[in-house]
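Chemist: Just dropping this structure here.
What follows is calculated from the coordinates using simple rules that are stated; it is not laboratory data. Please read these numbers as outputs of a predicted model, since none were measured by experiment. Glycine also receives a Cβ, built like all others from the backbone with ideal geometry; neighbour counts cover every protein chain displayed.
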Amino acid sequence: MLSGREKFKLGLIINPLAGIGGAQALKGSDGADIVERALSAGAIARSGQRSALALSQLCALSDRFSVFCYDGDMGADCASGLGLEVVTVGRRGDPASAEDTIAAARKLRELEVDLILFAGGDGTARDIVRAVADTLPVLGIPAGVKMHSGVYAISPLAAGAIVEQLISGALVDIALAEVRDIDEPSFRDGVVRAQYYGELLVPRQVGFLQQVKSSGREVEPLTLQDIGADIVEAMDDDCLYFIGPGTTPAAVMTELGLPNTLLGVDAIRAAQPVATDLSERDIMQQLAIHRGPVAIVLTAIGGQGHIIGRGNQQFSPAVIRRIGIENIMIVATKTKIGQLEGRPLLVDSGDPELDRKMAGFRQVITGYHDAIIYAVAQPVPLTVSNTIDDSSTETAGRQC
């Protein structure tokens, strides 16, 4: 444990609006106008569900810790719904705002919790930095659209596994990790401008914690051209292709001479554009219309290795199940794969069952008629002491 107290004090902060703009292709959730647009488009907040997945890993230890959190959807609803002991320390404003996160974090620091577990994206991490800096350990449950920072576990289940080790008294290193965020208005215009905002103390467990996103490193243009040429040569005119975000999938559009939404999802068929900058709903509508084969072209985030769940939430579990895992084409340069230093590719769709089905060794197209076989990790590393049973993560809100 992090302190000498008999019972672990777990602080919990859930940003109820985190990730709400992801499936709607809004490139983030910062700002009241973006939240309003997302909600009017039918967006559903998933940060509570993802928090419940993390907390469900702690059920067997429920008598060894208490959850300190704000009332309602910022923590208490989620924790009490799992049957955990909850101590409410405040209530958010209406509407929810970044100031609620900051106030909650400061209150938890005053109460000397052993760890703050928070659910959100890079904007939430920035708020945590403002509130507590490096004065106590924190850990992020990935629930946002943008997660460039190194303070997040690779998935909600992995976040729960780290906390389980802490509560159990395992020796877990604590180290500083960077908080980075990008300018959302520029991001929506296709420009990535990442900025450093500070550092947080994070439990450092290899295989559980994501790396800081690698950006700005130039990739050989010829390699991208080769990847684009390989995909285009094999294209079926009857197939509907969804081209995911990133410079590597964009090489397909460049090869075809088509405009591309660099940080969004475009649809093409027979070498012609069908629709651009699609949301999850838009993709499902296209799937309802199309009667032929379908495929997704996506890439891994440099330095992290995520292929699902970071900046491409338009490819929701429902979309992936409809299209089929076997119809996902992964593209990446060997330089990008090399940056992983042997770590596997990662999937964080929000559906642990789907993540498990995607695990294993998969083909990655790395050039013209050139591909490698590379591992996609299980949602929870095999080194976790407690085996995860399918029933433990069926639904958010199920009691421990």
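Chemist: How many angstrom lie between the C-alpha centres of region 256-296 and region 51-71?
Modeler: Using only Cα atoms, the two centres lie 41 Å from each other.
Chemist: Sort Cys78, Cys69 by Cβ crowding within 10 Å, fewest neighbours at the top. Don't jump to the answer; show the numbers that get you there.
Modeler: Details: Cys78 28, Cys69 31.
Fewest-to-most Cβ neighbours within 10 Å comes out as Cys78, Cys69.
Chemist: Through the Karplus equation 6.51 cos²θ - 1.76 cosθ + 1.60, θ set to phi - 60°, convert the phi angles of region 296-312 into ³J(HN,Hα) values in whole Hz; use x for Gly and Pro.
Modeler: 10, 10, 9, 10, 8, 6, x, x, 9, x, 5, 9, 9, x, 10, x, 10
Chemist: What spacing in nm lies between the two simple spin-label points modelled at Val274 and Tyr196, each 7 Å away from Cα in the Cβ direction?
Modeler: My value for the distance between the label points is 4.4 nm.
Chemist: Just to check I understand the Karplus step: with θ = phi - 60° and J = 6.51 cos²θ - 1.76 cosθ + 1.60, what whole-Hz values come out for region 99-115, glycine and proline as x?
Modeler: Result, ordered by residue: 5, 5, 4, 4, 5, 5, 5, 5, 5, 5, 5, 4, 7, 6, 5, 7, 7 Hz.
Chemist: Taking neighbour counts of Cβ atoms within 10 Å as a proxy for exposure, in what order, fewest first, do Glu255, Glu199 appear? Intermediate values should be presented prior to the final figure.
Modeler: Values: Glu255 20, Glu199 17.
Exposure proxy ranking, most exposed first: Glu199, Glu255.
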